[in-house]
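J.: Sharing a structure below in structure tokens format, with a few things to ask.
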Amino acid sequence: MPITKTIIKINSLNKSYKKEQVLKELNWQVNQGDIVGLLGKNGAGKSTLLKSLLNIEEIDSGEITLFGEQHQQLTAQIKGRIGYVPQENDEISWLSISDLIKFRKQFYHQWSDEKVAELIERWDINTKKTIAELSPGQVQRVLIILALAPMPELIVFDEPAAALDPAARREFLKEIVSLASDENITIVFSTHIVSDLERVANKVAILEQGKICYFDDLDTTKENVVQLTIRQTTENDIDVPNVLRCKKHQQGQNCVVSKLDQNWLVEMQNQGVEITVTPMGLEDIFLELTL
């Protein structure tokens, strides 16, 4: 059985902006070959988390390692194994696309001209134009090309499809699927588009109140996470196993559980507790865990 390699490991991460704490004692681990979709409401801290793990932003406290190295002391070799597509473009606006590609290439010991040429042709990029002359969707395509050109082992995308039209988004997701066929590639991408995540990810992480409140295989999530509507006549709360979120109401509780305990369900029903089990789609799970 192959040994699982840890690519990203985060322990007790804290990060604040002014007086607002965005990330709170956050713990997370991503293994080699994981294709992780990071879900979270706007303002939940998804970009902050991704920038923190890449040392683009300083953290207040905690520990982050990438490929086993401290994120603040990454060697040039490790940096060359990481690709990143930011949400905002910070490239030199007056450079032509061809000159920008040449400029970026010199910083990497590995670079695939074939991959660059293939994507430029497929996405119809005019390399004579400057970044300033491109539409937001075209700029996003260029940023994706720059991230993929060094053939990285870890790729971090921050809302990569946000500026893309539906056709371009499909092409991008197709590229993700192609990358995922290589078991050495690890991908983390933040998104608010649940359908995109379902197409390509094998794991889902939900960021809420500064922590990863849920992280599991996508198939396991869709199969096991259910909502329980519990109606009871007594005032005492029922202890629900595997609970992710519970809300009280006048007749009882509405709970979301990571897995339904069948023995517990039978026991409760034998005690006269009325429980309705409702399957949940990924969007419903996301909404329930972030309300």
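The values are calculated or read from the model by the stated rules, or taken from the named source; none is laboratory data. Keep in mind the model is a prediction, meaning the values are calculated, not measured. Don't worry about glycine lacking a Cβ; one is built from the backbone with ideal geometry, like all the others, and counts go over all protein chains shown. Quick note on the areas: whole protein, heavy atoms, side chains included, nothing else; ligands and nucleic acids left out. Shrake-Rupley method; radii C 1.70, N 1.55, O 1.52, S 1.80 Å.
J.: Skipping prolines and chain starts, which residues have an amide H placed within reach, meaning under 5 Å, of the one on S112, given they are 5 or more residues away or on another chain?
T.: The list, which skips near neighbours in sequence, is M151.
J.: So for the pair V266, E57, with labels modelled 7 Å out along Cα→Cβ, what separation do we get in nm?
T.: Label at V266, label at E57, 5.0 nm between them.
J.: Students often forget the sequence filter, so: which aspartates and glutamates lie under 12 Å Cα-Cα from K222 once same-chain residues fewer than 8 apart are removed?
T.: Excluding near neighbours in sequence, the set is E198, E283, D284.
J.: Hey, another quick one. So what is the diffusion coefficient of the range 166-282 in µm² per second by Stokes-Einstein at 10 °C and 1.306 mPa s, using a Kirkwood Rh over Cα pairs?
T.: So the translational diffusion coefficient is about 95 µm²/s.
J.: Sticking with this one: Using only Cα atoms, what is the ratio of the radius of gyration of the range 79-224 to 2.2 N^0.38 Å?
T.: 1.09
J.: Can I ask one more? Show me, for the range 270-280, the HN-Hα J-couplings you get by feeding each phi into the Karplus relation (A = 6.51, B = -1.76, C = 1.60, θ = phi - 60°), rounded to Hz, glycine and proline as x.
T.: Result, ordered by residue: 5, 8, x, 7, 8, 10, 9, 9, 10, x, 10 Hz.
J.: Which value in nm describes the separation of the simple spin-label points at D216 and T229, placed 7 Å from the Cα toward the beta carbon?
T.: 2.2 nm
J.: Return one number: the angle in degrees, 0 to 90 and rounded to the nearest 10, between the long axis of the Cα atoms of helix 136-148 and the longest principal axis of the Cα atoms of the chain.
T.: That works out to roughly 80 degrees.
J.: Which entries in K174/K203; K15/K102; K15/K259; K51/K102 show an alpha-carbon gap greater than 29 Å?
T.: Violating the 29 Å limit, Cα to Cα: K15/K102; K15/K259.
J.: Using the Kirkwood radius over Cα pairs, work out the Stokes-Einstein diffusion coefficient for the range 141-230 at 20 °C and 1.002 mPa s, in µm²/s as a whole number.
T.: 147 µm²/s
J.: For the range 9-58, which trypsin sites (Lys or Arg not before Pro) pass both filters: DSSP loop (anything but H, G, I, E, B) and at most 14 other C-beta atoms within 10 Å?
T.: Loop-located and lightly packed - K18, K19.
J.: Scan the chain and hand back the longest stretch that contains none of the GluC sites (Glu not before Pro) lying in DSSP loops with at most 15 other Cβ atoms within 10 Å.
T.: By the stated rule (loop sites, at most 15 other Cβ atoms within 10 Å), 89-182.
J.: From the mean inverse distance of alpha carbon pairs (Kirkwood) and the Cα radius of gyration, derive Rg over Rh for the chain.
T.: Here the Rg-to-Rh quotient is 1.04.
J.: Pulled fully out, how much extra length does the chain show between R199 and Q21, if you take 0.36 nm times their separation in residues and subtract their Cα-Cα distance?
T.: 60.8 nm
J.: Mind listing the phi-derived Karplus ³J(HN,Hα) values for the range 63-75, rounded to whole Hz, using 6.51, -1.76 and 1.60 with θ = phi - 60°, and x for any glycine or proline?
T.: Working through the residues one at a time gives 9, 10, 10, 10, 6, x, 9, 4, 5, 8, 10, 5, 6 Hz.
J.: Pull up all non-local amide H partners of R245: gap of 5 or more, or a different chain, and H-to-H distance under 5 Å with H placed in the peptide plane.
T.: Amide H to amide H, under 5 Å and 5 or more residues apart or across chains, R245 pairs with V256.
J.: What distance in nm separates the simple spin-label points at N14 and E114, each placed 7 Å from Cα in the Cβ direction?
T.: Inter-label distance under the simple model: 5.0 nm.
J.: Past the 20 Å Cα-Cα mark, which pairs from K9/K211; K9/K105; K5/K211?
T.: Where the Cα-Cα span goes over 20 Å, the pairs concerned are K9/K105; K5/K211.
J.: Select from L148, L207, L228 the residue whose mean-square fluctuation is largest in a Gaussian network model of the chain (Cα-Cα springs shorter than 10 Å).
T.: L228
J.: Looking at the range 125-185, which trypsin sites (Lys or Arg not before Pro) are DSSP coil and have at most 16 other C-beta atoms within 10 Å of their C-beta?
T.: Those satisfying the criteria are K128, K129.
J.: Quick one: ranking I206, I56 by accessible area, 1.4 Å probe, largest first, what do you get?
T.: Output order, biggest surface exposure first: I56, I206.
J.: Apply the Karplus curve 6.51 cos²θ - 1.76 cosθ + 1.60, θ = phi - 60°, to the phi angles in the range 205-213 and return the couplings in whole Hz, x for Gly and Pro.
T.: 10, 10, 9, 8, 6, x, 10, 7, 7
J.: Once amide H atoms are built 1.01 Å from N in the peptide plane, which residues 5 or more positions from K211, or in another chain, come under 5 Å H to H?
T.: Excluding prolines and chain starts, which carry no amide H, the hits are K24.
J.: Let me ask another. Once the piece of chain linking T4 and V177 is laid out straight, how much longer is it, given 0.36 nm per residue of separation minus the C-alpha distance between them?
T.: Working it through step by step, the gained length comes to 60.2 nm.
J.: Ordering M268, M151 from largest to smallest accessible area (1.4 angstrom probe), what's the sequence?
T.: M151, M268
J.: Given charges of +1 on the Cβ of Lys and Arg and -1 on the Cβ of Asp and Glu, with all other atoms neutral, how large is the dipole of the range 175-291 about its Cα centre, in debye to the nearest 20?
T.: Its charge dipole is roughly 360 debye.
J.: Under 16 Å between alpha carbons, and skipping anything fewer than 8 positions from K79 in its own chain: which aspartates and glutamates qualify?
T.: Result set, ordered by chain and number: E57, E69, E153.
J.: Scan the chain and hand back the longest stretch that contains none of the chymotrypsin sites (Phe, Trp or Tyr not before Pro) lying in DSSP loops with at most 13 other Cβ atoms within 10 Å.
T.: 108-291
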